[in-house]
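A.B. asks: First the structure, which I've put down as structure tokens, then a few questions once you've had a look.
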Amino acid sequence: MDQDLLTKAYKAHNKNQGYAFATVIEATLKGTPRKSGAKMIVLEDGHSYGTIGGGRNEKDATKRCLEAIKTNKSSILTYDYFGQKGQSVCGGQIKVFIEPFAKKKDFVICGAGHIALPLSQLGKMLNYNVTIIDDRSEFTKNSRFPHVDKIIKGTHAKALSKLKIDSKSYIMIVTQGNEYDFECLRVALKTKAGYIGVISSQAKRIKFFKRLKALKFSEKNLKRIMIPAGIDIGAQTPEEIAISIASELITQTNKDYIGTTKFKKRRA
């Protein structure tokens, strides 16, 4: 592989930028512009480096790379050069392997208490970029969370509102107080977060939904909330609850592969 392409991939990885490789894995002996092993890298912003032959086929492969970055699904494409309608005229055929490398998902944990600690450790094990938010000095020390990517000391909701949140961001609300939880939830619902979880009892859920409806949040928006958060595994300890929440995060990440499997919510 061209070392420059490896450097581009390394830099994209460090910037948490998605990218995909398009590699010629098979080519006929004559006619094709590039042979097996030819490779290009496409970044999520559309920039590409290297070439698999140029022209309309490379343009299509670039488009497929960008799609793969979003879906995180690999594919093998076949391109003909036989000169028929919609084909290049070089002659021959190539097969191209599209291999995406999606950027890490951001996992924001509002709260730094007993559940947040094991949950943040699981988040790192699952390869998320983990951010902790809490307003207590004794809970936001680096010595408590040496493994996370970022610690923010400040008002939970205010700090959350300043973060860049997109559909690949997951938010778990597990603060030290119900009012803190509710304010974080109000902020989270105004984002495009792919997951919003709240530690909760059933009574708290009913109370929160009543307040949110009074604030004119739609039923569609309320359905985004996982409350109580976590899959029902009979969890009792902070570590077990963290595992139940992490399991729910995994189902969200892998929802396209789960099919019709039904998962029970963790009971309060």
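The values are calculated or read from the model by the stated rules, or taken from the named source; none is laboratory data. These numbers were taken from a predicted model, which means no experiment stands behind them. As a convention, Cβ positions derive from the backbone with ideal geometry for all residues, glycine included, and neighbour counts pool all protein chains shown.
A.B. asks: Residues that are part of a loop (DSSP other than H, G, I, E, B), over 30 Å from Ser169 (Cβ atoms) and small (Gly, Ala, Ser): does the stretch 62-78 have at least one?
C.D. replies: For the stretch 62-78, residues part of a loop (DSSP other than H, G, I, E, B), over 30 Å from Ser169 (Cβ atoms) and small (Gly, Ala, Ser): absent.
A.B. asks: Out of the residues in the stretch 16-42 that are of a type in the set (Lys, Arg) and surrounded by 12 or more Cβ atoms within 10 Å (Cβ to Cβ), state the one that is modelled with the highest pLDDT.
C.D. replies: Ranking the candidates gives Lys39 first.
A.B. asks: Another one. Would you be able to say whether some residue in the stretch 98-112 is assigned to a loop (DSSP other than H, G, I, E, B), at pLDDT 95 or above and in contact with a strand residue (DSSP E or B) (Cβ under 8 Å, 6 or more places away or on another chain)? Give the derivation first.
C.D. replies: Step one: list which residues in the stretch 98-112 are assigned to a loop (DSSP other than H, G, I, E, B), which gives 102-105, 111-112.
Keeping just the survivors that are at pLDDT 95 or above gives 111-112.
The next check asks that each one be in contact with a strand residue (DSSP E or B) (Cβ under 8 Å, 6 or more places away or on another chain); those that pass are 111-112.
Yes; the residues of the stretch 98-112 include at least one that is assigned to a loop (DSSP other than H, G, I, E, B), at pLDDT 95 or above and in contact with a strand residue (DSSP E or B) (Cβ under 8 Å, 6 or more places away or on another chain).
A.B. asks: With the requirement that a residue be in contact (Cβ under 8 Å) with a residue 24 or more places away in the chain, among the β-branched types (Val, Ile, Thr) and assigned to a loop (DSSP other than H, G, I, E, B), what does the stretch 33-55 give you?
C.D. replies: Ile52
A.B. asks: Please indicate, with yes or no, whether at least one residue in the stretch 76-86 is under 28 Å from the mean Cα position of the chain (by Cα) and either under 30 Å from Asn129 (Cβ atoms) or of a type outside the set (Ser, Thr, Tyr) (or both). If you could, list the steps in order and put the result at the bottom.
C.D. replies: Residues of the stretch 76-86 under 28 Å from the mean Cα position of the chain (by Cα): 76-77.
From what's left, either under 30 Å from Asn129 (Cβ atoms) or of a type outside the set (Ser, Thr, Tyr) (or both): 76-77.
Yes, some residue in the stretch 76-86 is under 28 Å from the mean Cα position of the chain (by Cα) and either under 30 Å from Asn129 (Cβ atoms) or of a type outside the set (Ser, Thr, Tyr) (or both).
A.B. asks: Restricting to the stretch 182-223, and then to whatever is surrounded by fewer than 16 Cβ atoms within 10 Å (Cβ to Cβ) and in a loop (DSSP other than H, G, I, E, B), can you tell me which residue is nearest to the chain's Cα centre (by Cα)?
C.D. replies: Only one residue fits best here, namely Lys192.
A.B. asks: When you scan the stretch 134-149, do you find a residue that is over 14 Å from Arg224 (Cα atoms) and under 17 Å from the mean Cα position of the chain (by Cα), even just one?
C.D. replies: yes
A.B. asks: Could you give every pair whose Cβ atoms fall below 8 Å, whose first residue belongs to the stretch 65-79 and is in the same structural domain as Met40 (by TED's automatic domain parsing), and whose second residue is among the hydroxyl-bearing types (Ser, Thr, Tyr) and surrounded by fewer than 20 Cβ atoms within 10 Å (Cβ to Cβ), counting only separations of at least 6 or pairs across chains?
C.D. replies: Pairs that qualify, where the first residue is in the same structural domain as Met40 (by TED's automatic domain parsing) and the partner is among the hydroxyl-bearing types (Ser, Thr, Tyr) and surrounded by fewer than 20 Cβ atoms within 10 Å (Cβ to Cβ), are Ala68/Ser74; Ala68/Ser75.
A.B. asks: Follow-up. Any chance you could count how many residues in the stretch 170-193 are hydroxyl-bearing (Ser, Thr, Tyr) and without any contact (Cβ under 8 Å) to a residue 60 or more places away in the chain?
C.D. replies: Residues in the stretch 170-193 being hydroxyl-bearing (Ser, Thr, Tyr) and without any contact (Cβ under 8 Å) to a residue 60 or more places away in the chain: 1 in total.
A.B. asks: I'd like to verify a number: residues in the stretch 158-181 that are in a helix (DSSP H, G or I), in contact with a helix residue (DSSP H, G or I) (Cβ under 7 Å, 6 or more places away or on another chain) and buried (at least 22 other Cβ atoms within 10 Å of the Cβ), how many? Please lay out each step first, then the result.
C.D. replies: Filtering the stretch 158-181 for residues in a helix (DSSP H, G or I) gives 158-161, 178-181.
Then drop every residue that is not in contact with a helix residue (DSSP H, G or I) (Cβ under 7 Å, 6 or more places away or on another chain), which leaves 160-161, 178, 180.
From what is left, the residues that are buried (at least 22 other Cβ atoms within 10 Å of the Cβ) are 160.
Residues that pass the stated criteria total 1.
A.B. asks: When Gly46 is evaluated against the numbered criteria (1) surrounded by 14 or more Cβ atoms within 10 Å (Cβ to Cβ); (2) under 24 Å from the mean Cα position of the chain (by Cα), which criterion, by number, is the only one it fails?
C.D. replies: Every condition holds for Gly46 apart from (1).
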